[in-house]
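The structure under discussion appears below in the form of structure tokens.
Values in this text are rule-based calculations from the coordinates and carry no lab data. All of these numbers come straight from a predicted model, not from anything done at the bench. Neighbour counts are summed over all protein chains in view; Cβ atoms, including those assigned to glycine, are modelled from backbone coordinates with ideal geometry.
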Amino acid sequence: MLTRRYFIKSSAVVMAGFGVAPSWLARAAGPGEGRGKILISIFQRGAADGLNIVVPFFEKRYYDIRPSIAVPAPGKQNGAIDLDGRFGLHPQLQPLKPFWDSGQLAIVHAAGSPEGNRSHFEAQDQMESGTPGRTMEDGWLNRALQPATPSTSPVRAVAMGAKMPRTLRGNRNAIAIGDLQQFQARDQGVASILESMYASSSDAQMSAQGKGTFDAMKMIDSINRTPYTPANGAQYVGEFGNALRGIARLIKSDAGLEVAFADIGGWDHHSNENGQLPGLLNQFGSSLAAFARDMGDRMQDIVLVTMSEFGRTAAEDGNAGTDHGHGNAMFVLGGPVNGGKVFGTWPGLEPEQLFQKRDLEVTTDFRAVLSELVRGHVGQPAESVFPGYKPGDPLGLLKA
Amino acid sequence: MKRLPRVLSVVVLLVPVLILGQTTRRFDVKLTPDKQIVHVLNRLTFGARPGDASEVRRIGVERWIDLQLHPERIPENPVLEARVEPLASLKLQTWEINEKYAPPQPISIRRPIQPASILSPLQISKLRDGGTVEERREILMSLAPDVRGELLLTLPPQAIEGLTELQDEAAKARTAQQQAQQAERRRLNPPLNELLTPDQQRQVRSGTDQEKLAIINSLDPQKRQQVLRVLGQQNLLQGLPALRREAMALARPQDLVNGELIENKLYRAIYSNHQLEEVLVDFWLNHFNVYNGKAQGRILLTSYERDAIRPYVFGRFKEMLLATARHPAMLIYLDNINSQAPRDDASLPFAPNQQPPRRPGLNENYGRELMELHTLGVDGGYTQDDVVAVARAFTGWTVAEPARYAEFNFNGNMHDRKEKIVLEHKLPPGRGEQDGIDVIDILAHHPSTAKFISKKLAQRFVADDPPQSLIDRMSATFTRTDGDLRAVLQTMFSSIEFSSEAAAQSKLKSPLEIVVSSVRALNADAVDTFALAQRIADLGQPLYGKVEPTGYPNTGESWASTAGILGRINFATDLTAGRVPGVKPDMSRFNFKLPAVVATELLGSAPSAATIESIEKGIQGKEVTPSMLATIVLSSPEFQRR
């Protein structure tokens, strides 16, 4: 039994080890096939400082309450990048300016959760659940998916990172990939034996999990075989850039990706904000811009939205930083976006205009933004994705 | 000879099947004696080692459980004692840890210049708040060039607005300062190529453990420290635990404290003969979760686990509850140290150039979690008013000198003296610290607590969704014995539900459990658990690293994920190939054994027909090593369950 010495390594055997190739493989082969709409959710963990990212330079009050950390007005040294005469981008976000100019980038300011929760993990959980005030077991992006069919791709819902974020937890199958290159078994021989074992196991739950894993592994293996060069000279920066690059690669391989998630941490700048925010924004802005450049024309099918659990205090604290706040800025990037505009009602920075006299107010519920994108881009109604939420008048974020 | 009991067990199984016409496993059908042995090892330990089953059979299941409930009667494993002996921080008090493991001083060249020492208040005001371009130029150019350079490093951007030549000067001064700092850093911590010859560098980077050791031991003390620091940062010392710790003590002492705590936990899980005690310490630390990444948590957890959790796992619930309520780790983690009696002042005016005043007041975090997570449970029958009242009762429960002594201190000035009503109990005014003690008493004796604690224990030890009949009986024991945890465990372990068909193999192992049970099943020798801890974190369960006070779930469901399975397969592959630094499995014991035999040894019982078939079909025509067989078994659906 243990006598023969040759070892089967052919990938063809691994791929088609069980007779007929699965239907999604056949589907992915056709040109134009697998080119559906894609919604990408980006989470800035730690409460990003929206007031220094999208700078209200027209407000004199902004400079009064942030003497050491305010971003200078456009034209001054290290000044903001003028967007519309009232708001500007932090200078490190220069790579995103072309997309503003071409109408692919929209901003919603003073957006967020109506709840005043200032606990990072609670607010993150609630925002990822899509239910301010409580945490659900599943997340809004998972609920936005249609039920799977036999031809649904095993990599249609992907979170880039080692852990499954709450945003993508739920009834629909989603996978968490730390690194596309690494998402493979160390030993293919072992993997194919295990695949058969899991498929025939009487443990129904394990069997289903196994199938999802092995299907995804085979798909990603075939994707990894094609070397990848970002198009149009796009250059991704840092770990966040790597995650977006992974998403780009999945999209371009026509693997049937429908929704994706990535996060970027390190925004909790209680002190020395000027020493930390620029570097982080460099990674953030460059990578988002690189993604859009890399995707090129395919941005027509893509909408990417950014969010953070809450903003930061309007005034700076005693350590050249800011404390936990409330209203924040969300970016919406994509071909179908009605870009070049700052959406939402600006509440002002006078003391009586601030939330609890300390933070930027929330004048647009984050669910208004997300539900509009889900409805207009993916096609799911708001009520099923955001339980208990009734959308108001549409903001007009997407082109008709 | 073995056939008769098997026939009987089949009959016992079939009777309910035939009657009900279902094939669901039941909580009132008892496991066969052989299966009980496997089950009891799965539940009361972190996984069976070779020989454990025979030991349990020899002693008898009931007597073995009883021994585990009284660990003082079991001699401890000398290998464990050898492994944890060098973990010096474990034995220290918090203040000693703060002293011995203080973080290194940051590198700075010298004190930055104080503007007040070289300029008049009027000049400073013009520079900061709106002098004209000419005025500011005049002030700055009146200074000597080197003084001006230093000053420019401290001034805000508006001071040099419109003065391009001074902006250039400021930029140059900043660059010079950065370069000076970098040079100083390099002087203190030179890179490896300045400390070692190329040959030494090669050996120390990619040589064997012996080679690395030889080179490091050959260096003079100062060079040794510098080399260790670099190697530690580059993670090249795994498998050489003593050196790894020495390097960490030099570079990041506070991380070493946390690292030793994690090592201790894993050594105990792998080697301790007091397995139930270790499982319970894990359970209760999770129940009273504290996160090692918040504030002083990293330092305080050592004392917290040793002094507020471990001594009580077989004792009275109320005492553990009080111990956690008073421990600085908990008070800081759930923000009670900032909680004060709400003031009656109206809100203060908002002055320009000042942050909005932070009005000190009540912090409800501990009050809420104490009831929601530690005692009654979210449906236990408390209201928002109760949360506020409990929070008010605990005002003043704070910590003296958190960064140094970190001792519990009751601060009367922060305490809310007014009357409170907690769950319909009236707490009279003005009794200070006694308020909190009374609340602990009320909560510990509340009927919802008995049920909540019983349910959590049943989830961990019996099934993800345990039968209400069992929870009720455990809860009755809890009430009758005033929260005697050993008695509650006895009720649970002697119950039919515990030893039932439905309970066996029903729970999915957590990352901690799959990693440790794999090491134990292989009887591998662990000389450094740092890399193992990293693998557990990669699988989603960083030890002591749960941010949320809910702790890690006791239900196996939560660990089911597609990425999880791939992670576990790759871990098993690396482990059996000896590629997890610090862990040495001896695979030779599986030489020449048939797959079915290897599987039975590792699983503790015969694998399913499907498993054996898959293995035998899959290895046809292949060269199969013991590592490969072991990997397959450790990755199988069966081994994922316990």
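For this structure, a couple of remarks:
- Pair list, Cβ < 6 Å and 6+ apart or interchain, from segment B:613-642 residues that are at the interface with another protein chain (Cβ under 7 Å from one of its Cβ atoms) to residues that are of a type in the set (Gly, Ala, Ser) and assigned to a helix (DSSP H, G or I): B:Ser614/A:Ser196; B:Thr631/B:Ala572; B:Ser635/B:Ala572
- Taking segment B:567-586 as the range and being at negative phi, touching a residue at least 12 places away in the same chain (Cβ under 8 Å) and buried (at least 19 other Cβ atoms within 10 Å of the Cβ) as the test, the residues that pass are B:Gly567, B:Arg568, B:Ile569, B:Phe571, B:Ala572, B:Thr573, B:Leu575, B:Thr576, B:Val580, B:Pro581, B:Val583, B:Pro585.
- The criterion of being among the basic types (Lys, Arg) and either under 17 Å from A:Leu257 (Cβ atoms) or in contact (Cβ under 8 Å) with a residue 40 or more places away in the chain (or both) holds for A:Lys218.
- Boolean, A:Ala320 is out of contact with any strand residue (DSSP E or B) (no Cβ under 8 Å at 6 or more places or on another chain), within 29 Å of A:Val374 (Cα to Cα) and aliphatic (A, V, I, L, M): no
- Residue count, segment A:362-378 (criterion: surrounded by fewer than 19 Cβ atoms within 10 Å (Cβ to Cβ), of a type outside the set (S, T, N, Q) and not in a helix (DSSP H, G or I)): 1
- Of the residues making up segment A:302-309, at least one is crowded, with 22+ Cβ neighbours inside 10 Å and within 14 Å of another protein chain (Cβ to nearest Cβ).
- Residue check for A:Gly275: within 14 Å of chain B (Cβ to nearest Cβ) and in contact with a helix residue (DSSP H, G or I) (Cβ under 9 Å, 6 or more places away or on another chain): no
- For segment B:274-317, a tally of residues being assigned to a helix (DSSP H, G or I) and not hydroxyl-bearing (Ser, Thr, Tyr) returns 26.
- Residues in segment A:126-143 that are out of contact with any Leu (no Cβ under 8 Å at 6 or more places or on another chain), assigned to a loop (DSSP other than H, G, I, E, B) and either in contact (Cβ under 8 Å) with a residue 12 or more places away in the chain or aliphatic (A, V, I, L, M) (or both): A:Thr131, A:Pro132, A:Gly133, A:Thr135, A:Met136, A:Glu137, A:Asp138.
- Residue that is acidic (Asp, Glu) and in a strand (DSSP E or B), where the choices are A:Asp254, A:Asp263: A:Asp263
- With respect to the conditions (1) buried (at least 18 other Cβ atoms within 10 Å of the Cβ); (2) within 14 Å of chain A (Cβ to nearest Cβ), B:Ala393 lacks only one, and its number is (2).
- Members of segment A:65-116 found to be farther than 30 Å from A:Tyr389 by Cβ, away from every other protein chain (no Cβ under 14 Å) and small (Gly, Ala, Ser), listed by number: A:Gly85, A:Gly88, A:Ser102
- Every pair of residues 6+ apart whose Cβ atoms lie under 8 Å, when the first sits in segment B:245-257 and is part of a helix (DSSP H, G or I) while the second is of a type in the set (Ser, Thr, Tyr): B:Ala249/B:Tyr101; B:Pro253/B:Tyr101; B:Gln254/B:Tyr101; B:Leu256/B:Ser89; B:Leu256/B:Tyr101; B:Val257/B:Ser89; B:Val257/B:Tyr101; B:Val257/B:Thr302
- Hey, B:Leu603 closer than 19 Å to A:Met217 by Cβ and either more than 10 Å from every other protein chain (Cβ to nearest Cβ) or in contact with a Pro (Cβ under 7 Å, 6 or more places away or on another chain) (or both) or not: no
To keep it simple, each residue is scored yes or no on (1) over 28 Å from A:Asp297 (Cα atoms); (2) under 20 Å from the mean Cα position of the chain (by Cα); (3) more than 11 Å from chain B (Cβ to nearest Cβ).
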| position | (1), (2), (3) |
| --- | --- |
| A:Ala314 | yes, no, no |
| A:Asp317 | yes, no, no |
| A:Pro351 | yes, no, no |
| A:Lys357 | yes, no, no |
| A:Glu361 | yes, no, yes |
| A:Thr364 | yes, yes, yes |
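- Condition broken by A:Pro227, with the remaining ones in (1) closer than 24 Å to A:Val259 by Cβ; (2) more than 7 Å from chain B (Cβ to nearest Cβ); (3) not in a helix (DSSP H, G or I) satisfied: (1)
- Residues that are closer than 29 Å to A:Ala290 by Cα and surrounded by fewer than 19 Cβ atoms within 10 Å (Cβ to Cβ) do occur in segment A:387-397, at least one of them.
- Filtered residues of segment A:287-301 (kept if out of contact with any Lys or Arg (no Cβ under 7 Å at 6 or more places or on another chain), farther than 16 Å from A:Gly238 by Cβ and surrounded by fewer than 24 Cβ atoms within 10 Å (Cβ to Cβ)): A:Arg293, A:Gly296, A:Asp297, A:Arg298, A:Met299, A:Gln300
- Some residue of segment A:225-232 being in contact (Cβ under 8 Å) with a residue 24 or more places away in the chain and surrounded by 21 or more Cβ atoms within 10 Å (Cβ to Cβ): no
- In segment A:183-221, the residues that are more than 9 Å from chain B (Cβ to nearest Cβ) and under 30 Å from A:Gln283 (Cβ atoms): A:Met219, A:Ile220, A:Asp221
- The listed residue being more than 13 Å from every other protein chain (Cβ to nearest Cβ), closer than 24 Å to B:Arg641 by Cα, touching a Ser or Thr at 6+ places or on another chain (Cβ under 9 Å) and of a type outside the set (A, V, I, L, M), out of B:Pro585, B:Pro553: B:Pro585
- Counted residues, segment A:381-400 - those being touching a Lys or Arg at 6+ places or on another chain (Cβ under 8 Å) and either in contact (Cβ under 8 Å) with a residue 24 or more places away in the chain or aromatic (Phe, Trp, Tyr) (or both): 5
This table checks each residue for (1) more than 13 Å from chain B (Cβ to nearest Cβ); (2) in a helix (DSSP H, G or I).
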| site | (1), (2) |
| --- | --- |
| A:Phe121 | no, yes |
| A:Gln124 | no, yes |
| A:Leu145 | yes, no |
| A:Thr167 | yes, yes |
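- Any hit, segment A:325-344, residues being within 13 Å of chain B (Cβ to nearest Cβ), in contact with a strand residue (DSSP E or B) (Cβ under 7 Å, 6 or more places away or on another chain) and over 19 Å from A:Leu89 (Cβ atoms): yes
- Where B:Ala533 falls short, out of the listed (1) over 18 Å from B:Trp284 (Cα atoms); (2) within 13 Å of the chain's Cα centre (by Cα); (3) within 14 Å of chain A (Cβ to nearest Cβ): (3)
- Entirely in segment B:95-203, the helices (runs of 4 or more DSSP H) that have 1 or more residues that are in contact (Cβ under 8 Å) with a residue 60 or more places away in the chain: B:164-188
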